[in-house]
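The values are calculated or read from the model by the stated rules, or taken from the named source; none is laboratory data. On a predicted model such as this, the values are computed, not experimentally measured, just so you know. FYI the Cβ positions are ideal-geometry reconstructions off the backbone, even for glycines, and counts take in every protein chain you see. Please note that ligands, DNA and RNA were not included when accessible areas were found on the heavy atoms of the full protein model with its side chains. Shrake-Rupley method; radii C 1.70, N 1.55, O 1.52, S 1.80 Å.
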Amino acid sequence: MATTEATLEAPAQAPAPEHVPHDKLVIMAWSGDLDKIWPTFILGTTGAAMGMETTIFFTFWGLFPLVRNDVHITGENWMQKMMSMMQRPGIAHRKLSKMNFLGMGPWMMRKLAKQYNVASPAELLEMAQLMGVEFIPCQMTMDMFGLKREDLMDGMGEPVGAATYLGFVAEGAAPVFI
Amino acid sequence: MATTEATLEAPAQAPAPEHVPHDKLVIMAWSGDLDKIWPTFILGTTGAAMGMETTIFFTFWGLFPLVRNDVHITGENWMQKMMSMMQRPGIAHRKLSKMNFLGMGPWMMRKLAKQYNVASPAELLEMAQLMGVEFIPCQMTMDMFGLKREDLMDGMGEPVGAATYLGFVAEGAAPVFI
Amino acid sequence: MATTEATLEAPAQAPAPEHVPHDKLVIMAWSGDLDKIWPTFILGTTGAAMGMETTIFFTFWGLFPLVRNDVHITGENWMQKMMSMMQRPGIAHRKLSKMNFLGMGPWMMRKLAKQYNVASPAELLEMAQLMGVEFIPCQMTMDMFGLKREDLMDGMGEPVGAATYLGFVAEGAAPVFI
């Protein structure tokens, strides 16, 4: 609005930009479900391919896909162990948020992805790491679920808190909560 | 803050804006649940009414409400057909993400909406289209679920990928993942 | 990119900022689940602590945690009453979005939080209010579910609609939908 009133005599006052580019993307991966992992890593890899500085902050259930597939039970006390038993960690063991049908839903979804040349979550994850997408685990989640650094796959950043996530947002990154 | 220290002698250096308007809105409609369709279309129509350039990118389960109500089974192979049978497409057949109770939850919710003059999802969808909200289907989802252009309602844009969605974000659109 | 081509002779034209700070945060709290309340209030309190102007807009299921714990049944007609019976309101009665197991999941989660010095949802809520995070209830949700002002805890703002939420976004607030 100020633009219309600006006179030629006062060119120093730059007009407010109408809209402003986001050149950073920060995804909060909260869910560990198979059907949410796809958008997380598709946005992650696409963002990186487009030259956006892309970070994924893995929190709550979202951290379980990053547990190494050969780790079965995580945690130190019985509650944490039970949590991991009730929901086996690892990207190879993800379920759907709906239509799970004792594993038939995820099986069909993975099958369809293959048939239609859609990269699998594990492939997308690897691709994201190769493309330089930054992976950050949530410290609080690791504490609560008793996850240790050695439980997680390689290439993860230092565990941090919400302030780091919001630091990216405050700097102007586009936030996506999945 | 820099503004207060700016002197008249150095007007060429524009101060960094304290915060910057988003004049575009891009919603990723990932969920097809009744209780998520409401915020999707309420934000969509309200954004358009406020003069924001508004786009909704329909992906994954979010694409099913846009299948025409008279289409029962979608897909080309048995897995895709089974998927659509387990979750009947069309905006008239949406379920709640919780408290579904064999359809009683959605029935009550639609009833309450009517009683309190809240527009139905189908009305909001129509309104959004009339107001110029752009509807874009996700190509990958259409491939995986075997959805064809003729399965979808009229007025949908060309199917595209995540790069188009992130293109809007990179240009400065406010991203909302629902 | 324009920056590199800018010449000293034309300083009046301010270069487009490469990325722009978000100094406001607006969270749409749609879900009332225990495992979503945590990120809502952790982001809320952290945003406020970092000096971001932080607003939480509570809508749909997200409004139920703000019903006073001593209020059991809300609503005016039988459908609204049944809704609140099927899902008891109040922050002390939240369930997990998954692994609920008749209340054992939430019990374990609250137990683990305590053990690892993670603030409880009720503590985070109180902290958020003390730190000046603005709490806004969604008018439409209150209408649909028959919630009255006196059902909600103290310190809530005036009930408003989606236009208020998008007003924050349009002014440049970073939007997070949880």
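Some notes on this structure:
- For the protein assembly as shown, the ratio of Cα radius of gyration to the globular rule of thumb 2.2 N^0.38 Å stands at 0.97.
- Here the calculated FRET efficiency for A:ASN77 and A:GLN139, from their Cβ-Cβ distance with R0 = 22 Å, stands at 0.75, rounded to the nearest 0.05.
- What the Cβ-Cβ distance of A:TRP107 and B:GLU171 gives, at R0 = 30 Å and to the nearest 0.05, is a FRET efficiency of 0.20.
- Each helix, a run of at least 4 DSSP H residues, gives -39500 (n - 2.57); summed and divided by the residues of chain A, these come to -11000 deg cm²/dmol at 222 nm.
- Shape box of the range A:6-152 [Cα atoms, principal axes, largest first, Å]: 72, 40, 28
- Ordered from highest to lowest accessible area with the whole protein assembly present and a 1.4 Å probe, A:THR141, C:THR164 read as C:THR164, A:THR141.
- Between 0 and 90 degrees, the angle of helix B:34-49 with respect to the longest Cα principal axis of chain B falls at about 40 degrees.
- The separation of the range B:25-98 from the range A:65-87, counted between C-alpha centres, amounts to 34 Å.
- Remark: mean inter-chain Cβ contacts per residue of C:163-172 equal 6, using a 10 Å Cβ-Cβ cutoff to other protein chain atoms.
- Relative to the longest principal axis of the Cα atoms of chain C, the long axis of helix C:104-115 makes an angle of roughly 60 degrees.
- For the range A:77-162, the fraction of 1.4 Å probe accessible surface lying on carbon and sulfur atoms is 58 percent.
- Comment: the Cα-to-Cβ extended label point of A:MET156, at 7 Å, lies 3.8, 3.8 nm from its counterparts in the other copies, nearest first.
- Distances between placed amide hydrogens fall under 5 Å for B:THR54 paired with B:LEU25, B:GLU134, all partners being 5 or more residues away or on another chain.
- Were the residues from C:ALA49 through C:MET131 laid out at 0.36 nm apart, the gain over their Cα-Cα distance would be 28.8 nm.
- Top of C:MET153, C:MET86, C:MET140 by mean-square fluctuation, Gaussian network on chain C, Cα under 10 Å: C:MET86
- Table column - 3J(HN,Hα) (Hz), the range C:69-75, Karplus curve with 6.51, -1.76, 1.60, x for Gly and Pro: 4, 8, 8, 8, 10, 10, x
- Relative contact order (percent, whole number), the range B:14-135, Cα cutoff 8 Å, 6+ residue spacing: 31
- Once the 1.4 Å probe is applied to the protein heavy atoms, the protein assembly as shown comes out at 42 Å² accessible per residue.
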